Amino acid sequence: MIALFPGQGSHAVGMGRALYDQHPAAQDVIDRSDAALPGLKRLMFEGPMEDLTMTAWQQPALVAAGAAAYAAWKASGGSDATAFAGHSLGEFTAHVAAGSLTLEDAITLVHARGRYMQDAVPAGEGAMAAVLKLDATQVQAFCDQAPGLVTIANDNAPAQQVVSGEAEAVGAVSEAAKTAGGRAVPLAVSAPFHCPLMEPAAERLASDLAAVSFHAASAPIVCNVTAAPLADPQDAPKRLTEQVTGTVRWTDTVRFLAGTYPTERFLEFGSGKVLTGLVGRIVDGREAAPVHDPDTLSQALEKESS
């Protein structure tokens, strides 16, 4: 089994609540997360959605939900993961599940990460947009031709990229994409993530990462910026810092995992099923399923034992 953990956009009011109510292992994770960041559990369970959507709270909520789902899976007899990967902030959750970073450190780090990313660019100066129906080479060419700074922030799947950068440049890429027969959808985000404009946030996060300890993981963790396994736990701070300004190479990550572990299924732990859908678009016929509540947990366990 390959364990995947989602990033921003997978949050929902009530996330983690059903597992919390029925599985002591999930309850322990969420209670510890709330102790590390008081008020987090209430926000996850009750909202309001406007507050939960705030980057500094959404990120720790997703770490808590993902780590809780994986803990419930393990406590229910689920198999150890053969490999781990997380989309953007989900890479922190992957470290928690793999035992290379404590839950408390991860919650504290991503709460700060969210604040740093929010503060890095004045409101209105940056933007992000999803570009659909075009390949990454075409989108990169539009970025290169744009009047200003814009890059591919997320290579999520074939014909699904997210661009990020200066608002005017993102607008230019969007118009070029439409002219070329693609679609461009502006994203309602608080800052232009995963682009060089996030350098101030990366610098602040690097200092925080240097102050925590990373340990050997129970299985390989495939990094966003390299689409390759982390070779040494001491390299984790560097990779997680690079991720703030670098492209999330999700297409390459899933292809690497599928090719390296051809018989393993993918399970997405946490809130939502965005990554489950992306696996199907990246690797034809590969099994993937979400684990985010008691029903999906039972289905995944039943499938494993069959």
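Before moving on, here are some points about what is shown:
- Matching option when the condition is of a type outside the set (D, E) and without any contact (Cβ under 8 Å) to a residue 40 or more places away in the chain, among T245, T296: T296
- Members of segment 72-88 found to be part of a loop (DSSP other than H, G, I, E, B) and either of a type in the set (D, E, K, R) or in contact with a Pro (Cβ under 9 Å, 6 or more places away or on another chain) (or both), listed by number: D80, T82, H87, S88
- From the list Q27, Q8, the one residue that fits, being under 29 Å from A227 (Cα atoms), out of contact with any strand residue (DSSP E or B) (no Cβ under 8 Å at 6 or more places or on another chain) and not in a strand (DSSP E or B), is Q8.
- Residue in segment 61-73 that is at positive phi and touching a residue at least 12 places away in the same chain (Cβ under 8 Å) present: no
- Condition check for E175: of a type in the set (D, E, K, R) and within 17 Å of the chain's Cα centre (by Cα): no
- Residue match in segment 253-262 (condition: within 18 Å of the chain's Cα centre (by Cα) and of a type in the set (V, I, T)): yes
- Any hit, segment 267-278, residues being farther than 23 Å from L101 by Cβ and assigned to a loop (DSSP other than H, G, I, E, B): yes
- Just one of the listed residues (A300, A288, A258, A228) is over 27 Å from D135 (Cβ atoms) and of a type in the set (A, V, I, L, M), namely A300.
Every read-out reported here was derived from the displayed coordinates using simple, explicitly stated rules and does not represent laboratory data. Quantities reported herein were computed from a predicted structural model and do not represent experimental measurements. Positions of Cβ are backbone-derived with ideal geometry, glycine not excepted, and every protein chain shown enters the neighbour counts.
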